[in-house]
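Report on the following structure.
The values are calculated or read from the model by the stated rules, or taken from the named source; none is laboratory data. Treat the numbers as computed from the prediction; the structure is a model and nothing was measured. Ideal geometry is used to build each Cβ from the backbone, glycine not excepted, and the neighbour counts take in all protein chains shown. Heads up: the accessible areas ignore ligands, DNA and RNA and are worked out on the full protein's heavy atoms, side chains in. Shrake-Rupley method; radii C 1.70, N 1.55, O 1.52, S 1.80 Å.
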Amino acid sequence: MRLHTGIRTVAALAATAALMAACSDGGSSGESTGGDGGAGSGDAVELTFWTWAPGMDAVVEEWNSTHPDIQVTVNKQDGGDPAVTKLLTAIKAGSGAPDLMQAEYQKIPTLVSSDALADISGELGDDVAGQFPEGVWNAVTLGGDAVYAVPQDSGPMQFYYRADIFESLGLAVPTTWDEYADVAAQLHAADPTKYLGTFSAADAGWFTGLAQQAGASWWGIDGDSWTVSIDDDATLKVADYWGGLVESGVIDNKPMYTPEWNAALNDGTQVGWLSAIWAPGVLEGNAADTAGKWKMAAMPQWDAAKPATGNWGGSATAVTTQSEHVAEATEFLTWLNTDQTAVSALVSEGGLYPANIPSQAKALASPPAFFADQADFYDLAGEIAQTAGSFTFGPNVNVAYSAYNDEFGKATEAKSRSAFTDAVKAMQKATIEDLKTSGFSVKE
């Protein structure tokens, strides 16, 4: 059945499959917070940059010291939803937005549909797109010709495991999901206090990465309408698999990032963690006593002949539609995310995993301190990152993620395989209903 509802399409997304009517002139309208300087005025252009990335002050200081004509001021923000809400408030008010904004990939469609991000494709060099993985670049173009940001960091997912416990129990590192289930059962049988992992009903981004690895992409564009496919075969397969593990009791069903989970990482009752490239920092902070005992490997695969991973986290740098200095802002964000000096500083100062491929080798020459014994850590991570497919986010990610928390919270309590697949179907329904209520055209 095909259903068309509402008169509002995604007016700010026309460059992506004809969804955005020409609603801006490339970001030159609106009031600027970037100061009165102009390229021809003899004064420095002043840009403001809302970001939460650690160490960004030091990176920007490097730019300012070598670019006297374009000066950038960092304005630290709370990450995620608070920053997006603040920006959208400024866009609606017509003033108060920065020139530059750090934006998580899953938030970009929401910001574009609210006409908050400028299309900078006309200001970028032709060589920029090829410096990033295809899946990451797709996240900033939404699959079209417009470019709404330049990728900064990404979150390719891997499998982290306690190598000492694996060795002591004679366990093999799983390379497929069938093997993962077998190893989880072997581990828990050998020591019922230990689990190979946990299913977290409080981390929708984690589950999204697992679904992406299986081939899912939850939103799409069909003509002038959105499509939603959260309940596709790939996602249902992932939910059924994890529901089976939880139902059998061979993995845990508690959320991550709790005192209980932190303690389990440290005392060896959580023996594995399916996480992203930034996991070493979390392990170092939460499980300091286990330094040198962890190893990283590729995620288990659905098809060993076709290696794949998903992304959990990552962000890009965008120019807002209220900036009066789109060209200068684009010059800065290009430097920030492609220049070797800048990218190396993002790694050394902020611990980010850069999305820029040419800069990775030099910036990531040494493994994370917590994985000092795994010399090939970043070589392996780079190979894994290249296997991430594209994943399209929609304008109401927050609704889908909230539904995940609600529905999978009930499923993990029920410890029922069928409840896990029912949770996916409920997410699908809630997401479509919200799009319709918000006035978007939806095709089913």
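Every listed requirement among (1) at negative phi; (2) surrounded by fewer than 17 Cβ atoms within 10 Å (Cβ to Cβ) is met by GLY249 save one, (1). The strands (runs of 3 or more DSSP E) found wholly in the stretch 271-381 and carrying at least 1 residues that are surrounded by fewer than 18 Cβ atoms within 10 Å (Cβ to Cβ), at pLDDT 95 or above and not polar (S, T, N, Q) occupy 294-297.
Looking at the stretch 91-130 only, could you name the residues that are part of a helix (DSSP H, G or I), crowded, with 17+ Cβ neighbours inside 10 Å and more than 18 Å from the chain's Cα centre (by Cα)?
Matches in the stretch 91-130: ILE91, SER113.
Residues of the stretch 230-260 that are more than 16 Å from GLU413 (Cα to Cα), of a type outside the set (A, V, I, L, M) and in contact with a helix residue (DSSP H, G or I) (Cβ under 8 Å, 6 or more places away or on another chain): ASP231, THR235, TYR241. When the residues of the stretch 255-270 are filtered to those that are touching a residue at least 60 places away in the same chain (Cβ under 8 Å) and either part of a loop (DSSP other than H, G, I, E, B) or among the hydroxyl-bearing types (Ser, Thr, Tyr) (or both), which remaining residue is most open to solvent (accessible area, probe 1.4 Å)? Within the stretch 255-270, the match that is most open to solvent (accessible area, probe 1.4 Å) is THR269. Residues considered: ASP182, ASP222. Of these, the only one that is under 30 Å from LEU111 (Cβ atoms), assigned by TED's automatic domain parsing to the domain that holds GLU383 and either of a type outside the set (A, V, I, L, M, F, W, C) or in contact with a Leu (Cβ under 7 Å, 6 or more places away or on another chain) (or both) is ASP222.
The set of residues from the stretch 139-170 being more than 18 Å from LEU210 (Cα to Cα), of a type in the set (S, T, N, Q) and crowded, with 18+ Cβ neighbours inside 10 Å comprises THR141, GLN152. Across the stretch 46-90, the qualifying residues are those that are open to solvent by less than 30 Å² (accessible area, probe 1.4 Å) and assigned to a helix (DSSP H, G or I), and the one among them that is nearest to GLY350 (Cα to Cα) is MET56. Answer with yes or no whether TRP218 is within 19 Å of the chain's Cα centre (by Cα), open to solvent by less than 40 Å² (accessible area, probe 1.4 Å) and not basic (Lys, Arg). Yes.
What about ALA234, is it crowded, with 22+ Cβ neighbours inside 10 Å, assigned to a helix (DSSP H, G or I), modelled with pLDDT of 95 or more and not hydroxyl-bearing (Ser, Thr, Tyr)? Don't jump to the end; show me each part of the working.
Numbers: crowded, with 22+ Cβ neighbours inside 10 Å: no; assigned to a helix (DSSP H, G or I): yes; modelled with pLDDT of 95 or more: yes; not hydroxyl-bearing (Ser, Thr, Tyr): yes.
Considered against the rule, which asks whether it is crowded, with 22+ Cβ neighbours inside 10 Å, assigned to a helix (DSSP H, G or I), modelled with pLDDT of 95 or more and not hydroxyl-bearing (Ser, Thr, Tyr), ALA234 comes out as no.
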